[in-house]
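Notes follow once the structure below has been shown.
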Amino acid sequence: MPIPRTKLRPPNLRQPIVPRPRLTKSFTDRRPLTIVSAPAGSGKTTLALEWLASSKTRGAWLALDNDDNDPIRFINGVIAALQVAGLKLRAPSGQRDVKNILTDIINQFDNNDAVTLVLDDYHLIFDEAIHAAMEYLLEHIPPTLHIVIVTRETPPLPLARLRARDQLREFHLDELRFTGEEARLFLNQVMGLKLSDRQLDHLAQHTQGWVAGLQMAGLSLQADASQPIPNPNERQFVTDYFLTEVFNRQPKDVQTFLLNTSVLEKFSAAQCKSVFAGNAGKILAHLEKSNLFISAVDKRHQYHPLFREFLQAKLQSAYPERVVELHRKSFHWLEQNGFAVEAIPHAFAIADDESAARLIATLAPDFLKRGELVALRRWLDRLPESTIWRFPRLCLTQIWLLLDSNLQNDAQSYFDRLGNYLEKNMRSEFLVLRALHAAMTHQPEEAMKFMRKAQRTKEAKDPFIQTYVSFGLGAAQKMALQLFQAEQSFRSSLALAEAEGNAFISLSAFANLVDVLYLQARLADAESACKEALRNYRQNIPEASDWYWTLSRIAFQKNQLKEALDCANRAIDLCIETNQAVIQARVLLQRAQIHRAMNSREKAQADLDAADTLARGLQDNNVLRSIIRQRVQFALQEGDLDSARQWLQTLKKYGEAPYPYYFSLIKGKTLLAANAIHEAHAEFAKTLKLLSGLEFTIFRIEALIWHSACLSQLNQKQRATKALNEAVKLAQAGGVVRPFVEARKQIADILPRLNQVGFIRKVEQAGGNASQAQGPGLTRREKEILQLLAIGLSNQELAERLFIAEGTLKRHVANLYQKLGVHNRAQAIQHFHQSQ
């Protein structure tokens, strides 16, 4: 969605103004960041405009609003603002990683002149990913870039660190208040009043130098300068009294204009005609001349937020029957003039869900393509499900969003209710979604059936559909463990997506590609792909957790336990920040294995328990099956055969499908531990038969190792050696070591028979380094939280200090307790003091 040019033009700086050199001269001491933070009506924007007018550097302006809480829309606005300022910046195509885009922009600043970027109304930004990206930009800010943030609230940025580095300039309410002399100049010269010193003193005391308050008082006094000033002892800002006085002193037609146009966030003279029958242009000129809380940006206008709030409240109380009609007229004008995004709030305001749905349906494909899922979810959450069902495009969009959130059961309800209808109206994309859903619910045959149908449709050659078809084919092939073919499909969809600028599929294809390479035991290729993805998309986006998880699995297979733990911790941090329960459960399971390999049994058990809790809230039991299998494995490693058997029975209740080879292998290990060697041999043979023809190399290596161990106990040394040789051959190609370490006792008598001296030495060395990485491996954020816990801050105080939500803090604290192996705050604090 293009950025409206009105957001990129600073409001006009009204003349005359009160010069404030005591403030503007401090800008000459150039620092990377300036924060202008104060309540509404304090002159924040005017100060920024005054500085830009007096500065010799280029000025870029971006007026923010609630819709900018989509990271992609935000960064597109930043780029557009800098381009409008004359910077020759190249906007990366096909990206939705804000941090990566910022890196690219930063690297282009070498050949650009100095520029000041003003972000107006930053308090409207609440998306944590955007705050994280701003923190990254400030850490790597080019010397020629100066950022000015205009906001009503202190932004959640590392201000303390910037202050310590002398990289921050701040203006707050106290600095922005008019001094007595400035108030005199404003009221008696700018507003043309002739107030006495006593009146000026009373106004200064009552408004406390608040610029908007002085302006409202001045407007009221223009009609009658002799009227009494409100009680100077009232230590509050000017209230609705002044607004009412200002409003009531306007002519009737102006009052009507003000009330009717208050439903519009921004408006032009032409747009005003849709809600006002009089001469809109004449009244706009009057409002501007009267300095009546209105500002102009290009050919559009907007009211001061406080004045607009007053007008809306007045409209609702005096003429409630008029509100709906005004929104209806605004909606029709915006829609007819091509402002679909701006029209949607008016449709919601008049409860016209049908029209809102119709507009959202037209915008959805491009929003999905650019990966602007936040905005799509926000809109669809406001629509009744019954309305969504009437629009095929919205149904498909909702299914995309549900599958992206791993809500397969919820997506199934759409297929059950609207399957035939959707297939008839949106055949190609619908079939792709059916295939993806089938793949995610572990039905590879069904997934392939739907993909073959999708490939035969007329629309399959359209680049937009072809991207989704290629991705869906890869998902189906991956689930069928046709991994080499899946790799080709994901690479194809990645190329198509990048050519089409489809960031959504680009990221999804990358996440699946690295997994496919790992499953083939191509660890070097998988690691390279992960690092490429992290170079391209370095923001703390959800998909990055996939890549760090895979890097952890790779390091674990290589028996690089410290690195594996670090990557797992990074992945878990990302999962906590982005609320990804599925990946978090998988990474906790992986970290449990790492802790167990380091002989940290309590931490391993805590991770398994945490993963179990998450998994039981998912719509797919496959993660829970993996956790229970690991419980069997841990029990066997502890020599607790009874517990292993009990967990195996629990696992059996969940069924062997869709991956029977997993159950067969863990059952074989349990039988072998029970000395039921012949039964174990049968299970291992069954496992290898089930894997026959599949490209699941990473698991085949483990199956061959345990088959070899069982054959050895059956005294079939030659067959045992052959099986182990095959495992070694497959493992060496990818650098896999860990499965041999896990089974080193069971294959101890076979290893010397191999003609692999170097590999044997590697396994023996790895087996002796189980505790190579000690300590809890805390992240920077967790260390910071632990230090703050130790000084006795409450959760609320911690969250405020760290600029994060309290819910996010609680997830970090729970993760911290797991790493430390503690159960409460007191134990965590004790651990901190002992470590000092």
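Some points to look at:
- Packing-based order for 174-181, 123-130, using average beta carbon neighbours within 10 Å, highest first: 123-130, 174-181
- Summed over the residues of the chain and divided among them, the accessible surface reaches 42 Å² per residue at a probe radius of 1.4 Å.
- Share of carbon and sulfur in the accessible area of the stretch 640-718 stands at 49%, probe radius 1.4 Å.
- Using alpha carbons only: equivalent-ellipsoid semi-axes of the stretch 167-218, gyration tensor based, whole Å: 23, 11, 9
- Overall Cα dimensions of the stretch 1-79 - principal axes, largest extent first, Å: 40, 26, 25
- Dipole size of the stretch 412-537 about its Cα centre, with +1 on Lys/Arg Cβ and -1 on Asp/Glu Cβ: approximately 380 debye, rounded to the nearest 20.
- Estimated purely from DSSP H runs of n ≥ 4, each contributing -39500 (n - 2.57), the mean residue ellipticity at 222 nm for the chain is -20000 deg cm²/dmol once divided by its residues.
- Simple spin-label estimate for Gln312 and Gln15 in nanometres, 7 Å along Cα-Cβ: 3.4 nm
- The shape of the stretch 49-141 can be summarised by an equivalent ellipsoid whose semi-axes, obtained from the alpha carbon gyration tensor, come to 20, 17, 11 Å from longest to shortest.
- Derived scalar couplings ³J(HN,Hα) [the stretch 382-391; Karplus, 6.51 cos²θ - 1.76 cosθ + 1.60; whole Hz; x for Gly, Pro]: 8, 8, x, 4, 5, 6, 4, 4, 7, 10
- About the Cα centre, charge dipole magnitude for the chain (Lys/Arg +1, Asp/Glu -1 at Cβ), debye: 1740 debye
- R0 of 60 Å, Cβ-Cβ distance Asn824-Ala277: FRET efficiency to nearest 0.05: 0.30
- Solution diffusion estimate, µm²/s, Stokes-Einstein, the stretch 615-661, Kirkwood Rh from C-alpha pairs, 25 °C, viscosity 0.890 mPa s: 223 µm²/s
- Residue pairs exceeding 32 angstrom between C-alpha atoms, taken from Lys562/Lys653; Lys478/Lys667; Lys329/Lys458; Lys689/Lys745: Lys562/Lys653; Lys329/Lys458.
- Kirkwood hydrodynamic radius of the stretch 44-89, Cα pairs, Å: 11.7 Å
- Anisotropy class assigned to the stretch 469-534 is oblate, per the alpha carbon gyration tensor with a/c at or over the 1.5 cut-off and a/b no larger than b/c.
- Short to long, the 10 Å bins of the Cα pair-distance histogram for the stretch 427-503 hold 25, 54, 22, 0 percent of all pairs.
- Against the chain, whose longest principal axis is taken from its Cα atoms, helix 211-223 shows a tilt of about 30°.
- When the Cα atoms of the stretch 371-418 are aligned to their principal axes, the ranges along those axes come out at 27, 23, 15 Å in descending order.
- Whole-number D in µm²/s for the stretch 326-435 (Stokes-Einstein; Kirkwood sum over Cα pairs; 25 °C, 0.890 mPa s): 171 µm²/s
- Amide H contacts of His301 (H built 1.01 Å from N, in plane; Pro and chain starts excluded): Phe267, Ser268 sit under 5 Å, all sequence-distant by 5 or more or on other chains.
- In loop segments of the stretch 617-688 as defined by DSSP, there are no trypsin sites (Lys or Arg not before Pro) with at most 13 further C-beta atoms inside 10 Å of their C-beta.
- The residue list Val98, Ser330, Phe663 was ranked by how far each Cα lies along the charge dipole of the chain toward its positive end, using unit charges on Cβ atoms, and Phe663 comes out on top.
- Using every pair of separate Cα atoms, the Kirkwood estimate puts the hydrodynamic radius of the stretch 652-691 at 10.0 angstrom.
- Pairs of alpha carbons in the stretch 438-593 whose separation is greater than 24 Å (percent): 34 percent
- Farthest toward positive dipole pole in the chain [+1 Lys/Arg, -1 Asp/Glu at C-beta], among Gln718, Met479, Ile698: Gln718
- Only protein atoms count toward the accessible area here, which uses a 1.4 Å probe; on the stretch 489-556, the carbon and sulfur part of that area reaches 47 percent.
- HN-Hα J in Hz across the stretch 571-583 - Karplus 6.51, -1.76, 1.60, θ = phi - 60°, x for Gly and Pro: 5, 5, 4, 5, 4, 5, 5, 10, 6, 9, 5, 4, 5
- Over the stretch 510-597, the pair-distance histogram of Cα-Cα distances with 5 Å bins from zero comes to 3, 17, 28, 27, 19, 6, 0 percent, rounded to whole numbers.
- Label-point separation, Ser26 to Thr650 (7 Å along Cα→Cβ), nm: 6.1 nm
- Projecting the Cα atoms of Asn569, Asn579, Leu688 onto the charge dipole of the stretch 560-708 (Cβ charges, centred on the Cα centre) puts Leu688 farthest toward the positive pole.
- Low-density loop positions, GluC sites (Glu not before Pro), the stretch 592-660 - DSSP coil, at most 16 other Cβ in 10 Å: Glu638, Glu656
The values are calculated or read from the model by the stated rules, or taken from the named source; none is laboratory data. These numbers were taken from a predicted model, which means no experiment stands behind them. As a convention, Cβ positions derive from the backbone with ideal geometry for all residues, glycine included, and neighbour counts pool all protein chains shown. Heavy atoms of the whole protein, side chains included, go into the accessibility calculation; ligands, DNA and RNA do not. Shrake-Rupley method; radii C 1.70, N 1.55, O 1.52, S 1.80 Å.
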